[in-house]
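Beneath this line is the structure, given in structure tokens, with notes to follow.
The values are calculated or read from the model by the stated rules, or taken from the named source; none is laboratory data. This is a predicted model, so every value here is computed, not measured. Here the Cβ is made from the backbone with ideal geometry for all residues, glycine too, and neighbour counts use every protein chain on show.
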Amino acid sequence: MILFDCCRSIFSICIVLCCFAPSCAPALAAPAPETFQLQAARKIGELLRVRALLKVDGKLQIKSADDKIYEPTVQVTSKLYYDEKTLNPVNDSQGNKRAVRYYYLAEAEIGIDQKTTSPSLSPERRTMVHILGEQRAFFADQGPLTRDDLDLVDIPGDTLSLEELLPVGKVHIGQTWSQNGYVLKRWLGLDDVGHAEVSSRLVLVKDGLAHVEMKGHLTGMASGVETDIELVVKYRFDLTKHHITQLVMDIQEKRATGHAKPGLEVLARLQLRMTPIQSSEPLDSAELAHYNVQETAGARLLRFQSQRGGFSTLHDSRWHVILDNDKTTMLRLVDNGDLIAQCNIARLSDLEHGKTLPLHNFQADIRKALGDNFSEFVEADETELESGLHTTRVVTVGTVGKLTIRWTYYQLTNAQGERATCVFTFESGTEERFAAADETIIQSFAFLIEATANQSPTPVFGTPESARTENVARRR
């Protein structure tokens, strides 16, 4: 019995020891990490005050007519200060957004090889509507923007789409999420994103602010050409106000040379500060009270004014001014990276008041200018525009090398005898993409009152740049 009792006691002790041994104790579940909701759904009528500073440093790549590459240095400092009010979207398409902005300040200092320009937004264009769909769009309620106006306000880091960078659902510190290529396209203002390896991570939460870091690499299309981008972004999200309040983005970009814009290899830094506000005097007008600003026909057209050429006109955003001097102005129409057409505008010597050049004389000048490239006249007519300008129009077809080329010549004359000629050149078969892009330029053409009365005569006909189409023919 004694032995049995001892054995039983030893057995009981062993059971107790096993129950409390660490290797045998059941594992305690680790506490779940604290999660945070980073969402900022902006409401219609909500106001945001934005300060933006963009600095760019690097070099451009400009291709000359003989295909040589010129690489001037470039430095840009751009400052924006605006209020932004969210409007009703144009339609119910998913992701479609719209806002109206009032710019207190929009200016830049651009240095290219020691030459500096300082564009700024005019007071008449400070109120703008910004539409965000597949692509960005801007227009002003007081008239068309210029290309400089558009370039000033259309910068990467769009505040209307900023909230799309945030994660779906709750996240914990250290958690990562991938960024969608479509979101990056809209936020950076790209044409398209082909490949993106960009992710975000919640770094820490302190004093009610969530600190997020986003970085990665993407390739895509910008202004119709290929671009390669490395980016690092840091921003703070206010967990109480449900807004991103501060953001810094560093970009390293290498962009190919296009038909209308130079290539570039730059480093850029964007700094944004965003503050929710309760009211904005410039945006509290009766027209904006219902957040339903209507877009009028032609609102997205751009205005170009040539002081040297002594004229102004409107054009769609696909046209880009390549050259502007006292002899000629050259524009190129670029659609999805393809050079579709070229337009040359030049002032001619004045005629007597009330006189115009006869149609048959105009045709003879054209035929002489085209020489062996001429094949036939397709159309010829004369009209009076609503502006009072007399317009002589001649359409001709010819060949340059193995290409069939279509030229549309206009001669515009006012009652005082001031004249200008516009020549549109494009390859046959591209009429659909050209989309009658000459009509807006001609219908809106106007001579500047302050233009010099006695312009030097310009030999528009007979110059390869205006009558022929080597540049268009080489676009592929």
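Give the residues of the range 200-218 that are under 19 Å from P156 (Cα atoms) and surrounded by fewer than 16 Cβ atoms within 10 Å (Cβ to Cβ), sorted by residue number.
E213, H217
Return the only residue of Q75, Q61 being assigned by TED's automatic domain parsing to the domain that holds S279, farther than 25 Å from T127 by Cβ, touching a Gly at 6+ places or on another chain (Cβ under 9 Å) and at pLDDT 95 or above.
Result: Q75 is the single residue among Q75, Q61 that is assigned by TED's automatic domain parsing to the domain that holds S279, farther than 25 Å from T127 by Cβ, touching a Gly at 6+ places or on another chain (Cβ under 9 Å) and at pLDDT 95 or above.
Going by the structure shown, is E197 surrounded by fewer than 19 Cβ atoms within 10 Å (Cβ to Cβ), in contact with a helix residue (DSSP H, G or I) (Cβ under 6 Å, 6 or more places away or on another chain) and within 30 Å of P33 (Cβ to Cβ)?
Considered against the rule, which asks whether it is surrounded by fewer than 19 Cβ atoms within 10 Å (Cβ to Cβ), in contact with a helix residue (DSSP H, G or I) (Cβ under 6 Å, 6 or more places away or on another chain) and within 30 Å of P33 (Cβ to Cβ), E197 comes out as no.
State which residue is modelled with the lowest pLDDT when the search covers only the range 442-466 and only residues that are assigned to a helix (DSSP H, G or I), surrounded by 14 or more Cβ atoms within 10 Å (Cβ to Cβ) and not polar (S, T, N, Q).
Once the filter is applied, the top-ranked residue is E465.
When you look at D324, is it under 20 Å from the mean Cα position of the chain (by Cα), of a type in the set (D, E) and in the same structural domain as Q416 (by TED's automatic domain parsing), yes or no?
So D324 does not fit the description; no.
Of all residues in the range 399-414, how many are among the hydrophobic types (A, V, I, L, M, F, W, C), in contact with a strand residue (DSSP E or B) (Cβ under 8 Å, 6 or more places away or on another chain) and surrounded by fewer than 21 Cβ atoms within 10 Å (Cβ to Cβ)?
Summing the residues that are among the hydrophobic types (A, V, I, L, M, F, W, C), in contact with a strand residue (DSSP E or B) (Cβ under 8 Å, 6 or more places away or on another chain) and surrounded by fewer than 21 Cβ atoms within 10 Å (Cβ to Cβ) in the range 399-414 gives 1.
Could you tell me which numbered condition H320 fails, if it satisfies all but one of (1) touching a residue at least 40 places away in the same chain (Cβ under 8 Å); (2) buried (at least 16 other Cβ atoms within 10 Å of the Cβ); (3) in contact with a Phe, Trp or Tyr (Cβ under 9 Å, 6 or more places away or on another chain); (4) of a type outside the set (A, V, I, L, M, F, W, C)?
For H320, the exception is condition (3).
Is one or more of the residues making up the range 264-287 more than 28 Å from N180 (Cα to Cα) and crowded, with 17+ Cβ neighbours inside 10 Å?
The answer is yes; a qualifying residue exists.
If you scan the range 270-313, which residues turn out to be modelled with pLDDT of 85 or more and aliphatic (A, V, I, L, M)?
Across the range 270-313, the qualifying residues are L270, L272, M274, I277, L283, A299, L301, L302.
Identify, please: which residue in the range 365-398 is farther than 18 Å from T425 by Cα and either among the hydrophobic types (A, V, I, L, M, F, W, C) or outside the structural domain of T421 (by TED's automatic domain parsing) (or both) and is, among those, surrounded by the most Cβ atoms within 10 Å (Cβ to Cβ)?
L389
Taking T392, is it under 16 Å from L351 (Cβ atoms) and touching a strand residue (DSSP E or B) at 6+ places or on another chain (Cβ under 7 Å)?
Criteria met by T392.
One residue is enough: does the range 254-269 have a residue meeting the conditions of a type in the set (D, E) and either closer than 18 Å to Y82 by Cβ or within 19 Å of the chain's Cα centre (by Cα) (or both)?
Yes: one or more hits.
Across the range 415-441, what is the number of residues that are of a type outside the set (D, E, K, R), in contact (Cβ under 8 Å) with a residue 12 or more places away in the chain and surrounded by fewer than 20 Cβ atoms within 10 Å (Cβ to Cβ)?
The number of residues fulfilling the criteria is 8.
Is there a residue being farther than 17 Å from L47 by Cβ, in a strand (DSSP E or B) and either of a type in the set (A, V, I, L, M, F, W, C) or not assigned by TED's automatic domain parsing to the domain that holds T86 (or both) anywhere in the range 277-299?
no
Just checking, does the range 346-358 include any residue being in contact (Cβ under 8 Å) with a residue 24 or more places away in the chain, buried (at least 17 other Cβ atoms within 10 Å of the Cβ) and either closer than 30 Å to Q61 by Cβ or outside the structural domain of A420 (by TED's automatic domain parsing) (or both)?
yes
Which of the residues belonging to the range 232-261 are farther than 26 Å from K68 by Cβ, of a type in the set (K, R) and either outside the structural domain of V183 (by TED's automatic domain parsing) or in a strand (DSSP E or B) (or both)?
K234, R236
Name the residue, out of V100, V90, that is more than 18 Å from the chain's Cα centre (by Cα) and more than 30 Å from Q61 (Cα to Cα).
Of the residues listed, the single one that is more than 18 Å from the chain's Cα centre (by Cα) and more than 30 Å from Q61 (Cα to Cα) is V90.
Looking at the range 213-231, can you tell me whether even one residue there is of a type in the set (V, I, T), part of a strand (DSSP E or B), touching a residue at least 40 places away in the same chain (Cβ under 8 Å) and on the phi < 0 side of the Ramachandran plot?
Checking the range 213-231: at least one residue is of a type in the set (V, I, T), part of a strand (DSSP E or B), touching a residue at least 40 places away in the same chain (Cβ under 8 Å) and on the phi < 0 side of the Ramachandran plot.
Against the condition crowded, with 18+ Cβ neighbours inside 10 Å and touching a residue at least 12 places away in the same chain (Cβ under 8 Å), how does D113 come out, does it pass?
The answer is no for D113.
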